Amino acid sequence: TEGTNWQYSWYVPHDVEGLIKLQGGKEAFCTKLDTLFMEKKDGKMEAGSEDILGRFGEYWHGNEPAHHVAYLYNFAGQPWKAQNLIRRIMITQYGNKPNSLCGNDDCGQMSAWYLFNAMGFYPVAPSSNYYSIGTPCAKQVTVKLRNGRTFTTKAINYSAENMYIQSAKLNGKDWNSTLLPVNEVLKGGTLEFVMGAKPNFKWGTGNK
């Protein structure tokens, strides 16, 4: 009751590969995703709801079932599109003024999305034991883990324009995958990104 087929058609976070196959493969999948973020129906909205939807086309950031959708580009081989959308969502749907948060912060989910994406990754399917890397939305973030260790993300050349990952290193070793195992985070250490204004179409191709 809180969404449309535009949003819920993507709500298969536990089997994205299966969803891609059902929709005709990676190219067709990305084309349909593109349409989601560009399409905007003219149907009448419930009075007072337009400003809390956080709309990018028919993507509604103001409602939690859509929070993983931008990351689906990672699974279909076009991570630069996820990076662009995530940074735009962070800039336009969050702020530090009255009325600058779209949607309701149900159980802290809107805030949790912000904090994860400040670091540059997000749990598309928490049961998978993998995070999906998007793009860092802060120069540096350090969190203290429950095991007493710390994990830090750094973004070199960070700016509003430099939203695209050029390269990454995890604890000094090259990292060319959009998948980040939870166990790697729990070890502690540093995930360092080098950012740029244009997509690096080769980064993120090392998924297994």
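The values are calculated or read from the model by the stated rules, or taken from the named source; none is laboratory data. Values in this document were obtained by computation on a predicted structure and should not be read as measured data. Here the Cβ positions follow ideal geometry from the backbone for every residue, glycine too, while neighbour counts run over all protein chains shown. Keep in mind that these areas ignore ligands, DNA and RNA; they rest on the heavy atoms of the full protein, side chains included. Shrake-Rupley method; radii C 1.70, N 1.55, O 1.52, S 1.80 Å.
Scanning for something open to solvent by 50 Å² or more (accessible area, probe 1.4 Å), part of a loop (DSSP other than H, G, I, E, B), hydroxyl-bearing (Ser, Thr, Tyr) and touching a residue at least 40 places away in the same chain (Cβ under 8 Å), does region 200-207 turn up at least one residue?
Yes: region 200-207 contains one or more residues that are open to solvent by 50 Å² or more (accessible area, probe 1.4 Å), part of a loop (DSSP other than H, G, I, E, B), hydroxyl-bearing (Ser, Thr, Tyr) and touching a residue at least 40 places away in the same chain (Cβ under 8 Å).
Is it fair to say Lys154 is in contact with an Asp or Glu (Cβ under 7 Å, 6 or more places away or on another chain) and farther than 25 Å from Ala66 by Cβ? Steps first, answer last, please.
Values: in contact with an Asp or Glu (Cβ under 7 Å, 6 or more places away or on another chain): yes; farther than 25 Å from Ala66 by Cβ: yes.
It is true that Lys154 is in contact with an Asp or Glu (Cβ under 7 Å, 6 or more places away or on another chain) and farther than 25 Å from Ala66 by Cβ.
Could you list, in sequence order, all residues of region 174-190 that are open to solvent by 50 Å² or more (accessible area, probe 1.4 Å) and not aromatic (Phe, Trp, Tyr)?
Hits for region 174-190 are Asp174, Asn176, Asn183, Leu186, Lys187.
So Asn171 fits all but one of (1) within 14 Å of Thr153 (Cα to Cα); (2) open to solvent by less than 60 Å² (accessible area, probe 1.4 Å); what number is the exception?
Going through (1) within 14 Å of Thr153 (Cα to Cα); (2) open to solvent by less than 60 Å² (accessible area, probe 1.4 Å) one by one, Asn171 breaks only (2).
Within region 89-125, track down each residue that is aromatic (Phe, Trp, Tyr), under 20 Å from Phe75 (Cα atoms) and touching a residue at least 24 places away in the same chain (Cβ under 8 Å).
Those that are aromatic (Phe, Trp, Tyr), under 20 Å from Phe75 (Cα atoms) and touching a residue at least 24 places away in the same chain (Cβ under 8 Å): Trp113, Phe121, Tyr122.
Restricting attention to region 161-173, which residues are closer than 21 Å to Lys139 by Cβ, of a type outside the set (A, V, I, L, M) and part of a strand (DSSP E or B)? Walk me through how you get there before you give the answer.
Of region 161-173, the ones closer than 21 Å to Lys139 by Cβ are 161-172.
Those left that are additionally of a type outside the set (A, V, I, L, M): 161-162, 164, 166-167, 169, 171-172.
Scanning region 161-173 gives Tyr164, Gln166, Ser167, Lys169.
I'd like to know if region 99-112 contains one or more residues that are closer than 22 Å to Trp6 by Cα, surrounded by 22 or more Cβ atoms within 10 Å (Cβ to Cβ) and out of contact with any Leu (no Cβ under 7 Å at 6 or more places or on another chain).
The answer is no, given that none of the residues of region 99-112 is closer than 22 Å to Trp6 by Cα, surrounded by 22 or more Cβ atoms within 10 Å (Cβ to Cβ) and out of contact with any Leu (no Cβ under 7 Å at 6 or more places or on another chain).
So, of the residues in region 151-168 that are touching a strand residue (DSSP E or B) at 6+ places or on another chain (Cβ under 6 Å) and of a type in the set (A, V, I, L, M), which turns out to be most open to solvent (accessible area, probe 1.4 Å)?
My answer is Ile156.
Show the residue pairs meeting these rules: Cβ distance below 8 Å; 6+ apart or different chains; first residue within region 173-195 and at positive phi; second residue surrounded by 16 or more Cβ atoms within 10 Å (Cβ to Cβ).
Gly188/Phe151; Gly189/Phe151; Gly189/Leu170
Condition check: open to solvent by 50 Å² or more (accessible area, probe 1.4 Å) and closer than 22 Å to Val12 by Cα. Does Tyr131 satisfy that?
Taking the combined requirement at face value, the residue does not satisfy it.
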